[in-house]
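The values are calculated or read from the model by the stated rules, or taken from the named source; none is laboratory data. Note that the structure is a prediction, hence the values are computed from the model and not measured. Positions of Cβ are generated from backbone atoms using ideal geometry, with glycine treated the same way; all protein chains shown enter the neighbour counts. Just the protein is used for accessible areas: all its heavy atoms, side chains included, with ligands, DNA and RNA removed. Shrake-Rupley method; radii C 1.70, N 1.55, O 1.52, S 1.80 Å.
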Amino acid sequence: MAMKLQTHNLGIDVAKDWLDISDGKKVTRIDNNLRTIKHFLKQLPSTICIAIESTNTYHELLVEHALISKHTVYLVDAYRLSRYRDAVGVRAKTDNNDAHLLLRYLKSEKHQLIAFTLIPKAVKRLNRLLKARAKLARSKAEIKLSLQNVAELTSTCNALINRFQKAMVLIDQRVQECIKQAGYSEDYQRCLKIPGVGPQNAAALVAMYHRGHFRKSDSFIAFIGLDIRVRESGYYKGRRKLTKQGNPEIRRLLFNAARAAARTEKWNAYYLSMRERGHSTTATAVALARKIARLAFALLRDQTEYQSV
């Protein structure tokens, strides 16, 4: 269990029940639980940089306590690590190899990486509530579609839909409580005044903005995953696509906001001009979602109110 380190960088591969930790020479496996993690972190020097694989939730305990212990944490998502593995010619994928690979990635790319910061509790709660609401909405729609033509199940279908609706109303109440308790009410109202933005869209924008410090709107857009990936070489002009990094729920909500905004006086002319230039309805909605996000960022950053022109 004891781990003496002669390095100031670590790569940690995360699994549900254990953590594989590379110091460049060997890999040490420890249990992924609070007691073991705290004991491990106490042994580290005061200036450690750690590259940690981003998982669904299994990395959160380690990340939280590493940051509490004043270590610098870099989260590396599985897709990016996979591309890096291919780039450097590592063929085998094992927990040990991934721990070494994370350390290698950290050493070579540290100057390009952004250190992870703790997510405010209110933001985590808002994200959980919005994600749960989205799941309920999808389930409600699926049940309605599946059972609406089965006469024998009409009453059952209606009862289920009613239960889903009540749960969604309860979540909406909890979202409003969270926003108020966190002191985000004014920011929420700022976003809500943007044409096309509804209660869920506004809550998601506020949660995303308060997730961390963004120096400019480009950083905010990139964090949401609405920035464009460009692939060009010589005469080759690759298809431009969204990076789709970050929280997919915020992108879904912004896309829905854009579709509603396209019918408003504020945004309709822009929407029609994009369509006339040959852009598809989806591409136009994405472009409009990006403009809404930039506007929300400016209002929240400058603490100003939306003014219709």
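With the checklist (1) without any contact (Cβ under 8 Å) to a residue 40 or more places away in the chain; (2) in contact with a strand residue (DSSP E or B) (Cβ under 8 Å, 6 or more places away or on another chain) in hand, flag the one item A132 doesn't pass.
Looking at each condition in turn, A132 falls short on (2).
Among the residues of the range 144-156, is there at least one that is aliphatic (A, V, I, L, M) and either in contact with a Lys or Arg (Cβ under 8 Å, 6 or more places away or on another chain) or in contact (Cβ under 8 Å) with a residue 24 or more places away in the chain (or both)?
No, the range 144-156 has no match at all.
Conditions first: (1) within 25 Å of L254 (Cα to Cα); (2) out of contact with any Lys or Arg (no Cβ under 9 Å at 6 or more places or on another chain). K110 passes all but one, so which condition is the exception?
Status for K110: all satisfied but (1).
So L44 ticks every box in (1) within 28 Å of the chain's Cα centre (by Cα); (2) buried (at least 16 other Cβ atoms within 10 Å of the Cβ) but one. Which box is left unticked?
L44 satisfies every listed condition except (1).
Yes/no per residue for (1) modelled with pLDDT under 95; (2) in contact with a Phe, Trp or Tyr (Cβ under 9 Å, 6 or more places away or on another chain); (3) of a type in the set (S, T, Y); (4) at positive phi:
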| residue | (1), (2), (3), (4) |
| --- | --- |
| T7 | yes, no, yes, no |
| N56 | yes, no, no, no |
| E60 | yes, no, no, no |
| T72 | yes, yes, yes, no |
| G89 | yes, no, no, yes |
| A92 | yes, no, no, no |
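Quickly run through the range 142-197 and pick out the residues that are among the small types (G, A, S) and within 27 Å of T264 (Cβ to Cβ).
Step one: of the range 142-197, the residues among the small types (G, A, S) are 146, 151, 155, 159, 167, 182-183, 185, 196.
Across the range 142-197, the qualifying residues are S185, G196.
Out of the range 55-80, which residues are hydroxyl-bearing (S, T, Y), touching a residue at least 12 places away in the same chain (Cβ under 8 Å) and either in a loop (DSSP other than H, G, I, E, B) or open to solvent by 40 Å² or more (accessible area, probe 1.4 Å) (or both)? It would help to see each step written out before you state the result.
First, the residues of the range 55-80 that are hydroxyl-bearing (S, T, Y): 55, 57-58, 69, 72, 74, 79.
Those still in the list that are touching a residue at least 12 places away in the same chain (Cβ under 8 Å) too: 55, 58, 69, 72, 74.
If the condition is that a residue be hydroxyl-bearing (S, T, Y), touching a residue at least 12 places away in the same chain (Cβ under 8 Å) and either in a loop (DSSP other than H, G, I, E, B) or open to solvent by 40 Å² or more (accessible area, probe 1.4 Å) (or both), then T55, Y58, S69, T72 are the ones that fit.
Among what's in the range 16-33 and is loosely packed, with under 15 Cβ neighbours inside 10 Å and closer than 13 Å to Y58 by Cβ, pick the residue that is farthest from the chain's Cα centre (by Cα).
For the range 16-33, the residue satisfying everything is D31.
Just checking, which of L300, L295 is crowded, with 16+ Cβ neighbours inside 10 Å, touching an Asp or Glu at 6+ places or on another chain (Cβ under 6 Å), in a helix (DSSP H, G or I) and aliphatic (A, V, I, L, M)?
Numbers: L295 fails: touching an Asp or Glu at 6+ places or on another chain (Cβ under 6 Å).
Residue meeting the stated conditions: L300.
Report the residue count in the range 23-47 for those that are hydrophobic (A, V, I, L, M, F, W, C), modelled with pLDDT of 90 or more and not in a helix (DSSP H, G or I). I'd like the intermediate steps shown before the answer.
Taking the range 23-47 first, the residues hydrophobic (A, V, I, L, M, F, W, C) are 27, 30, 34, 37, 40-41, 44.
Subset that is modelled with pLDDT of 90 or more: 27, 30, 34, 37, 40-41.
Those still in the list that are not in a helix (DSSP H, G or I) too: 27, 30.
Residues flagged as hydrophobic (A, V, I, L, M, F, W, C), modelled with pLDDT of 90 or more and not in a helix (DSSP H, G or I) within the range 23-47 amount to 2.
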